[in-house]
Number of protein chains: 2
Amino acid sequence: MFRTHTCGELRLANVGEEVILTGWVQRLRDKGGMLWIDLRDRYGITQLSLDEGITATELMQQARSLGREFVIQATGKVIERHSKNDKIPTGDIELQVTKIEVLNPAKLPPFLIEDETDGGDDLRMRYRYLDLRRTPVRRNLELRHRMMRETRNYLDGLNFIEVETPYLIKSTPEGARDFVVPSRMNAGEFYALPQSPQTFKQLLMVSGFDKYFQIVKCFRDEDLRADRQPEFTQIDCEMSFVQQEDILNTFEGFIKHLFAQVKDVNIEKLPRMTYADAMRLYGSDKPDTRFGMQFVELNPLVKNKGFKVFDDAELVVGICAEGAASYTRKQLDELIDFVKRPQIGATGLVYARVNEDGSVKSSVDKFYSPEDLQEWANALNAKPGDLILILAGGADKTRKALNELRLEMGTRLGLRDKNVFSPLWVVDFPLLEWDEEAQRYHAMHHPFTSPKPEDLHLIESNPGAIRANAYDMVINGVEVGGGSIRIYDRTLQSQMFSLLGFTKEEAEAQFGFLMNAFEYGAPPHGGIAFGFDRLCSLFGGSDSIRDYIAFPKNNSGRDVMIDAPAPISEAQLDELHINMKNLPKG
Amino acid sequence: MFRTHTCGELRLANVGEEVILTGWVQRLRDKGGMLWIDLRDRYGITQLSLDEGITATELMQQARSLGREFVIQATGKVIERHSKNDKIPTGDIELQVTKIEVLNPAKLPPFLIEDETDGGDDLRMRYRYLDLRRTPVRRNLELRHRMMRETRNYLDGLNFIEVETPYLIKSTPEGARDFVVPSRMNAGEFYALPQSPQTFKQLLMVSGFDKYFQIVKCFRDEDLRADRQPEFTQIDCEMSFVQQEDILNTFEGFIKHLFAQVKDVNIEKLPRMTYADAMRLYGSDKPDTRFGMQFVELNPLVKNKGFKVFDDAELVVGICAEGAASYTRKQLDELIDFVKRPQIGATGLVYARVNEDGSVKSSVDKFYSPEDLQEWANALNAKPGDLILILAGGADKTRKALNELRLEMGTRLGLRDKNVFSPLWVVDFPLLEWDEEAQRYHAMHHPFTSPKPEDLHLIESNPGAIRANAYDMVINGVEVGGGSIRIYDRTLQSQMFSLLGFTKEEAEAQFGFLMNAFEYGAPPHGGIAFGFDRLCSLFGGSDSIRDYIAFPKNNSGRDVMIDAPAPISEAQLDELHINMKNLPKG
């Protein structure tokens, strides 16, 4: 038996007991003949004490030779502390050490194992096993574990059954790029790793499983951005004999349960917003509704006054930043620079201050009268002290840019508190989106999403206007989940593939098994999937999903700790019937 | 709202209620102007009734046109049945139907969707989504779900934290063959899919996570046997600051919890048997201890009596089959044929009957006196009516063959009841096994298993005799789990790799990250992994793990339902920098 207690366990009630603790040396303090050691494990920190006056000389010496992160076993008696530490649960006691055994020494870690560390990103990733020792990182994974558990508790309580679907499946051309796995036994053929268990969960509905879920790894071979990982975790759910309303209610209950159990936060009924409204009012299908600052379209007020930029614009649209009238020239210049960044793409920014006396002063005063500007202020409901910000140009691009500016202003004005949570449903997404480059439609959600029956008549005349039975759950500007009611009729599914540019043969080769299944008694069904990594980071108050993944990959898809990927042997290549080709030189 | 109740829910207390049910048409009976439909969903079966006397003619006609497996919505009133069916929970009532809506028609299924089906294996795999509709198959997956839940409940209750480890890792030459994934972003390099999260869970111990578990998919590209799948699920566990005793106690508790919660079976304290004893008494490291029939070595009793087969044999060993003395010549011939099969490999079988009068009659009477045979009977504790079966030859091969014969006799004598569970620990496995072909040692468990400290002195002189801190949990002759106390010292780990024939450079390239981690404060640790598919099949009373996997692959590693693996496009190959080569013709 290595230990009798953990380092987070001892209290005043244990005073007098002989105990054995194990853990890592967090810190040593040597002062006036006294030596204190903070001993750390997953459960907490307990102070060990040694006193030249009573401790054997050899033990004193041994203890003084310990280094940071040594793994030790300490035996001793629990005593009450002279100066208590009310910051830690074990702060009332300490261990008067009678014996120390070094279980494993440690080299000096390459960075500080403290809440605030001096290690850079790269170094911490290379030594991820040391970074994971730091309390904030450990807490992230503990949060993730709790969220997993509460997810299962909720769904299990509703009779959902967790079914594992296969990881070695078939590559499909639709959607993102697949990771593939060459087959040794089936020469010339490949498995693909699933981007989601979509078709399998639909087949489980055809099988009558009625309510399915799975917390499952998914894979996408895409160029990585800060918040993307080649492998990620999804909470994947599907239900039979449901309409959209049933799914929304079930998973509204889910998110309320998670917030209540994990964060002790009470969530009100989720508002619902159509995709059209979200785009009109926020310029985004994932609006951050922690704050208002909704878009107000100004075309009728600003046109034909001689200001060419507005006259030529498809859309002139503004927001009102409360209390920002005091912004300095420098701050306004920052905003102008912000909107002109290539990734935002606006050509300029018009602003107007509402003064304390109610008068309005704008950057385009030579084109607009004080009365004109007053109308703007009225339209935007701007009060004295507020700042009006206006962008103009092509409608889609301008909305997108103003969305970014709105979020920037929200951040600057402190309206995006990480401890405030504002979830909502965005509904009525378009079924299709037009791909200019490929000159064809893509499925906005995926090819299995059902069109709204009342829009089906547009299928020949104006397919782009068809709305889908699709919905996203959005929290604080982050899309945490999305889903749809599915097609369960072979004919409609064929039509959908044809709309997406599949030939009959392609559709049959790729998804024949699913369309066949629809002919043997498929129930109406629908579902949703949540991005679990993102949900964890949102609950944890971080922008980076990497902080919530035990062993993440970097932006080149590398695990720098184990150094993967890596070359494999010629013998392995031979067995898999493959050759390398076109390798970049060097 | 598609339904007000499920098909497993209605009782006498609901009589008089207007309800809506949805489900699949299981069966129609049309007799004397009455029509009954069994409507099925995941939750049960409810009888619908229509009566020419009171049901509208159109509805009667519509109902008569329904086929098996049609998905329908039925509205009606709950009434008490005339002739109750006490075999199903809803058997007291039926639904007097007033409206039927066909939600989806169904083609005639290619096999019967009944508990006993007429579909062959191949057909049922091709239409797995229909096979999953059958109650026994659905129950298997429900059992699996319950076992997953209870696994998590138990481990969670002991403060284990579930951590997801990566699926895209690095290929290692040790152990079975890896599935690999070519990297697009890192040309010429490959990820490997994990055979187990072994190194990651050890790193989590170095990180101080203390108690880890994960229910996780693992992958092995091996030629498949009946009970192997290329992807399989493991309950993977690791603990810090533990000795073997702590792990055995923790997971003895686990299996007891599972049996109690899932099967309502009370398991006694698990016996422990050394590997040496298991081989000596059962000829197997996974003995089926539901029955005795232990091996008795007979060398001293049988040698030097002129019977060359025994005189030349390294080992003569027998078992006593209780009550089998009445075996006919034909039955004995079957046993002789059995042991002579190539996969068993014995050259012959000696038998001896103990007659009712206590005399012994053997197949080698001309070499042995009645007194000799009496001695055999005494040694084997054979009573009147018993049959003694003896094999002879090289020790290892003979033990292996007698193990098979013992299991065969256990089956024939009805001693292997699927509802009896006999778990035990097999301990003290050898650290290494000699590979004749490669002329080098392999790790019997894996290279991270620690040797017993008291055997370490053999490391130069006789490494094959070193015992490991390794243990297997065996139930009914099936190895359901195995694990070990790990090496946590860099030097010892290096020595181990060198014993296994790694050069220093190879060890560093493959496992440098782990050996480095051991230098930064690694705690003593150990763990265990359970084969979850096999555990489910054992609990479910089946020999085939496939019955407990939603979408299994066949013996060629194919998913015949979705037809994977499959060729990928030239464009995909190009992006991955690979060419196919040496493809078999045709």
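Here are a few things to note about the model shown:
- Rounded if a/c under 1.5, otherwise prolate or oblate - the range A:12-104, Cα gyration tensor axes: rounded
- Contact order relative to length of chain A, as percent, for alpha carbon pairs under 8 angstrom and 6 or more apart: 12 percent
- The A:I54 and A:L12 beta-carbon pair, evaluated with R₀ = 30 Å, returns a calculated FRET efficiency of approximately 0.90.
- Annotation for the B:A interface, with buried accessible surface near 11400 Å², both sides summed [1.4 Å probe; non-protein components not counted].
- Across the identical copies, how the B:K84 labels are spaced - nm, sorted shortest first, 7 Å along Cα→Cβ: 6.6
- Average beta-carbon neighbours from other chains, 10 Å sphere, peptide A:128-136: 5
- By the rule of a C-alpha distance below 12 Å, with chain neighbours fewer than 8 residues away ignored, the aspartates and glutamates paired with B:K452 are B:D428.
- Residue-averaged beta-carbon neighbours from other chains (10 angstrom radius) around A:514-520: 5
- Packing-based ranking, highest mean first, of A:531-541, B:403-413 given that Cβ atoms within 10 Å are counted: A:531-541, B:403-413
- Inter-chain shielding of B:23-32 (mean C-beta neighbours from other protein chains, 10 Å cut-off): 1
- Pairs of lysine residues in the range B:1-146 - Cα separation under 25 Å, sequence separation of 8 or more or cross-chain: 9
- Cα gyration tensor, the protein assembly as shown - rounded (a/c under 1.5), prolate or oblate: oblate
- Exposure ranking of A:E17, A:E437 by accessible area [1.4 Å probe, largest first]: A:E437, A:E17
- In this assembly of identical copies, the label point of A:E17 (Cα plus 7 Å along Cα-to-Cβ) is separated from its counterparts by 5.3 nm, sorted shortest first.
- A:Q96-A:K397 pseudo-label distance in nm [points 7 Å out on the Cα-to-Cβ vector]: 7.9 nm
- Gained length - B:S359 relative to B:N381, 0.36 nm times residue gap less alpha-carbon distance: 6.6 nm
- Shortest-first distances to equivalent copies, position B:E505, nm, label 7 Å out along Cβ: 5.2
- Relative protection proxy for A:75-86, A:133-144, from highest mean packing down: A:133-144, A:75-86 (other beta-carbon atoms within 10 angstrom).
- Dipole of the protein assembly as shown, positive direction: furthest Cα of A:S171, B:L108, B:G481, with charges on the beta-carbon: B:G481
- Sulfur and carbon atoms: percent of accessible area, the protein assembly as shown [1.4 Å]: 48 percent
- Linear extension gain, A:V265 paired with A:K303, 0.36 nm per residue minus alpha-carbon span: 9.0 nm
- Distance between modelled label sites at B:K84 and A:E570, nm, 7 Å Cα→Cβ extension: 7.9 nm
- Residues B:E506 and A:R440, FRET efficiency given R0 of 60 Å [Cβ-Cβ distance, rounded to 0.05]: 0.75
- Anisotropy class of chain B from Cα gyration tensor, a/c 1.5 cut: oblate
- 222 nm mean residue ellipticity, helices alone, for chain B (DSSP H n ≥ 4; -39,500 (n - 2.57); rounded to 500): -8000 deg cm²/dmol
- Over 26 Å (Cα to Cα) - which of A:K211/B:K256; A:K340/A:K366; B:K303/B:K397; A:K286/B:K217 fall in this group: A:K211/B:K256; A:K286/B:K217
The values are calculated or read from the model by the stated rules, or taken from the named source; none is laboratory data. It should be emphasised that the depicted structure is a prediction, and the values quoted were computed from it without experimental measurement. With ideal geometry, Cβ positions are generated from the backbone for all residues, glycine too; neighbour counts draw on all protein chains shown. When the accessible area is computed, the model is the full protein with side chains, heavy atoms only, and any ligands, DNA or RNA have been set aside. Shrake-Rupley method; radii C 1.70, N 1.55, O 1.52, S 1.80 Å.
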